[in-house]
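The structure appears below as structure tokens.
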Amino acid sequence: MAGDNAKGSKPDAQPPLSLEAFDLIIFDFDGVIADSEIISLSTLKETLTEYGIDLQAQEVRSLFLGKSLSTIEAFVAEHSTTSARGFAHTWQAKLFRRFKRELSPIADVKDFLGVLTTLNLPYCIASSGTFERISVALTAMQMTALFDNVFSAEQVEHGKPAPDLFLYAAAQVGVPPRNCLVIEDSPYGVRAAKTANMYCAGFVGGAHLRGIEDQHGEFLSQQGADLIISSYEALAPAVFRQRAKQ
């Protein structure tokens, strides 16, 4: 059960966090497990341009980081100068080809999953991405066998920043929301976690945030993140130090 050290922490204090204070770790996927956001945002920008929507890279990140495919499709339908038909297929075809060639996991995430397994601490994925996208990415990174529980925004009526997906994931695993730790890199995900009454670590270790870690971390704190981390070592420093000596 989450203890007072978790629920009472302040974002700017950056306190040590005890993983044992939680009964479930909920991971966002893109930018948290898969270092995929550079690929995702660049192919999205390219596809948006093909549909008559010319946005700068910063605008694409600000508008769509952490948003579901259905939300992006709705934006295209509203703003495209041509028909929005086929947008999802066109974008995902580009995206999946690059995933299969280029995708890699976030640094140290596999070791961190090993830490959770050693602690017998359940974990899951709760992503705005489709099941197909998650599956393609996990296969490309050879990580499919590491996740027994995978949840997608396809399973709920309202995606992030609504709390539906995180609440659904917690209910399926059988853990009260207050006992969950969510790891998120997007402001929409942070807001969803906090609305769900979950402790939230804002993650700024993805390649897409290189050079703007402090700025993005401050933004996630403003959205309600309880803690900002730039690596998984920050959540289990003693274990990582011990492993480095071996």
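With the cut-off at 1.5 for a/c, could you classify region 14-58 from its C-alpha gyration tensor as rounded, prolate or oblate? Prolate, because a/c is 1.5 or more and a/b exceeds b/c. For the modelled label position 7 Å from the Cα of Glu102 along Cα-to-Cβ, which residues of region 45-69 have backbone nitrogen atoms closer than 14 Å? Only 45-47 fall inside the zone, counting backbone N under 14 Å. Charge tally for Asn120 (other residues, Cβ to Cβ under 12 Å; Lys, Arg +1; Asp, Glu -1): -2.
Once you list every other residue whose beta carbon is under 15 Å from the beta carbon of Phe166, what net charge do they have if Lys and Arg are +1 and Asp and Glu are -1?
Charge balance in the 15 Å sphere: -4.
Placing a label point 7 Å from the Cα of Arg85 along the Cα-to-Cβ direction, the residues of region 46-73 whose backbone N falls under 17 Å of that point are 51-52.
Protein heavy-atom surface of the chain, 1.4 angstrom probe: 48% of the accessible area is carbon and sulfur, with nucleic acids and ligands not counted. Available extension along the chain between Arg178 and Gln155 is 6.1 nm, counting 0.36 nm per residue and deducting the alpha carbon span.
Counted by Cβ distance under 13 Å from Ala192, the other residues give a net charge of 0, where Lys and Arg count +1 and Asp and Glu count -1. The overall shape of the chain is prolate: from the C-alpha gyration tensor, with semi-axes ordered a ≥ b ≥ c, the ratio a/c is 1.5 or greater and a/b exceeds b/c. Lys-Lys pairs in the chain that are eight or more residues apart or on separate chains and whose Cα atoms lie under 30 Å of each other come to 27. Report summary: the helix-based calculation at 222 nm, which adds -39500 (n - 2.57) for every DSSP H run with n ≥ 4 and divides by the residues of the chain, gives -13500 deg cm²/dmol.
Each Lys and Arg adds +1 at its Cβ and each Asp and Glu adds -1 at its Cβ; summed about the Cα centre, the chain shows a dipole of about 380 debye.
Annotation for region 99-192: GluC sites (Glu not before Pro) lying in DSSP loop with at most 16 further Cβ atoms inside 10 Å of their Cβ are Glu157. Mind running the shape call on region 115-208? Use the C-alpha gyration tensor, a ≥ b ≥ c as the square roots of the eigenvalues: rounded below 1.5 for a/c, prolate if a/b tops b/c, oblate otherwise. Here region 115-208 falls in the rounded category.
In this rough spin-label picture, where each label sits 7 Å from Cα along the Cβ direction, the Glu78-Thr117 distance is 4.4 nm.
Once the trypsin sites (Lys or Arg not before Pro) in DSSP loops with at most 14 neighbouring Cβ atoms within 10 Å are cut out of the chain, the longest remaining piece is 86-209.
Per residue, the solvent-accessible area of region 77-234 (1.4 Å probe, heavy atoms of protein chains only, all protein chains present) comes to 45 Å².
The values are calculated or read from the model by the stated rules, or taken from the named source; none is laboratory data. What you see is a predicted model; the values in this text were computed from it and never measured. Note that we place each Cβ from the backbone using ideal geometry, even for glycine, and neighbour counts take in every protein chain shown. What goes into the accessible areas is simple: the full protein's heavy atoms, side chains included, and nothing from ligands, DNA or RNA. Shrake-Rupley method; radii C 1.70, N 1.55, O 1.52, S 1.80 Å.
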